[in-house]
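Okay, structure first, notes after.
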Amino acid sequence: MKRMVTTALLCGIAVVQAASGNGPKPGSITGAVFAATNDVHHNEVVMYTRSETGALTYAGSFATGGRGQGGINDPLQAQSSLLLSGDHRYLLVVNAGSSTLSVFAVYDDTLSLLETRPTEGGNPVSVTMHDDLVYVANVGGTYHTAGFRLKPWGELEFIPNSKQPLSGLDTEPGAIAFSPDGSKLIVTERQTSKIDVFTVAADGSLTDPVANAAQGVETFGAAFAPSGALLVSEAGSGDVSSYSINPDNTLAVITSKSPSSGAATCWVIPAGAYAYATSAITSSISGFQLGSTGELTAMGIILTEPGTQKAIFPPVGVTAFPLDLEITPDHQFLYVVYSALGKVIGYKAGADGKLTKIVSVSPFAAQIGVEGLAVY
């Protein structure tokens, strides 16, 4: 696919920045919130600038140059379909419908599309990044991972030998993530309840894969705490487990199946001394105390979206379908995509881990298959 650049002028700016070694930088705003529409015809990223109080102001919608998967609630069934680089200079978004990955430069109140390129596999659903190394998880095809080097001007350079299979063909990857030091890469398998661990070689390729059996059922979301502990949501059993990675890529259990008290617990993130997980069917957010080495202590459901009715399996009643959730780097503000409401809702996180609603915006129509959230 032809690489996408918004205008010749912006391309020239990107090249100048690349030559200086700086790359695009965020400006003086406090932060921003990004949500992907996952539209089946024209995927877009909706951007809001964020004030120091957590309030959001609409900045614009930006085409990715690719197509989403569409559908209704939770079409990608994956965490991290939208991702900010650690320095907040770049925003990456998967286009599941066109099997491409898009790279944006991030500015104060706008985005500049730098590239849209194939992901070397079908139906990408999750993306991760460490320094300049980018990996995607593809649902389709024989090989489910693909790696790239991100150049300062936004070009993605494919890494040979980065395409790896998982434990089988129909594993349905749910999340891909780098360990904090970038030495390991993990992929969760929803269909098999396994967690694949790879060693990242010096050239960025993957070696030594090990498929580990998870503690719970239907491994879905995954995120690393700064300590190196791996948090994994297990949607089928409604819990969250934590693990450490051994040198031989096997997993050691830290906490087994800490209950969320919700149903369909799919997304999980660390947040300082706490961790949070969303449960789609019960419209709820659960909290966990997170120990310094990754121990999880369940706090139960700490918030259920008002105006909805807690449901049970099979779904009965009304659910808001909370999906992606992300927290600001200072752990003050948590934002959640509610697919069935067409909203992104922000919460203030207290010192006790409890959440207070502060803002609600409506970037989508309800139930149009939205998925993807990034925050800084």
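The values are calculated or read from the model by the stated rules, or taken from the named source; none is laboratory data. A quick note: this is a predicted structure, and the numbers were derived from the prediction, not measured. For neighbour counting, all protein chains shown are included, and Cβ atoms are generated from backbone atoms with ideal geometry for every residue, glycine included. With ligands, DNA and RNA removed, areas are computed over all heavy atoms of the protein, side chains included. Shrake-Rupley method; radii C 1.70, N 1.55, O 1.52, S 1.80 Å.
What to note about this one:
- Amide N proximity, segment 341-376 versus SER51 label position 7 Å along Cα-to-Cβ, cut-off under 20 Å: 344-350, 356-363, 375-376
- When TYR107, TYR135 are compared by accessible area at a 1.4 angstrom probe, the order from most to least is TYR107, TYR135.
- For peptides 164-170, 113-119, sequence by mean Cβ density within 10 Å, most packed first: 113-119, 164-170
- Label-point gap, in nm, between ALA201 and SER244 - each point 7 angstrom along Cα→Cβ: 2.9 nm
- Dipole magnitude (debye, nearest 20) for the chain, charges at Cβ of Lys, Arg, Asp, Glu: 500 debye
- With helices as the sole contributors, the chain gives -1000 deg cm²/dmol at 222 nm; each DSSP H run of n ≥ 4 counts as -39500 (n - 2.57), and the sum is divided by every residue.
- Extension gain, ASP181 back to VAL253 (0.36 nm per residue minus Cα-Cα distance, nm): 24.0 nm
- Summing charges over all other residues whose Cβ lies under 15 Å from the Cβ of ASP39, with Lys and Arg as +1 and Asp and Glu as -1, gives -1.
- Distance (nanometres) between label positions extended 7 Å along Cα→Cβ at TYR58 and ILE72: 2.6 nm
- Relative to the Cα centre, the charge distribution of segment 66-135, modelled as +1 at Lys and Arg Cβ and -1 at Asp and Glu Cβ, gives a dipole magnitude of about 260 debye.
- Counted without the sites themselves, the longest stretch of the chain free of trypsin sites (Lys or Arg not before Pro) in a DSSP loop having at most 16 other beta carbon atoms within 10 Å is 4-353.
- Of TRP153, TRP267, the order by accessible heavy-atom surface (1.4 Å probe, DNA, RNA and ligands excluded), from most exposed downward, is TRP153, TRP267.
- Multiplying the residue separation of ALA213 and ARG149 by 0.36 nm and removing their Cα-Cα distance gives an extension gain of 20.0 nm.
- Candidate values (1) 30.1; (2) 21.2; (3) 20.2, label of the one derived for Kirkwood radius over Cα pairs in Å: (3)
- GNM result for the chain, Cα springs below 10 Å: residue of ALA96, ALA365, ALA214 fluctuating most strongly: ALA365
- The simple Förster model, with R0 at 35 Å and r as the Cβ-Cβ distance, assigns HIS41 and THR110 a FRET efficiency of 0.95.
- Nearby aspartates and glutamates by direct alpha-carbon distance to LYS343 (threshold 16 angstrom, same-chain neighbours under 8 apart not counted): ASP39, GLU44, ASP74, GLU305, ASP324, GLU326, GLU371
- Solvent-accessible heavy-atom area per residue, rounded to whole Å², over segment 142-197 at 1.4 Å: 37 Å²
- Charge dipole of segment 316-376 about the Cα centre (unit charges at C-beta), most positive-ward option of ILE345, GLY369, GLN332: ILE345
- R0 of 56 Å, Cβ-Cβ distance SER362-PHE158: FRET efficiency to nearest 0.05: 0.90
- Surface share of carbon and sulfur [accessible, 1.4 angstrom probe, percent] for the chain: 53 percent
- Probe 1.4 Å, accessible area per residue of segment 205-288, Å²: 27 Å²
- Exposure of MET299 as accessible area (Å², to 10), given a probe of 1.4 Å and all protein chains: 60 Å²
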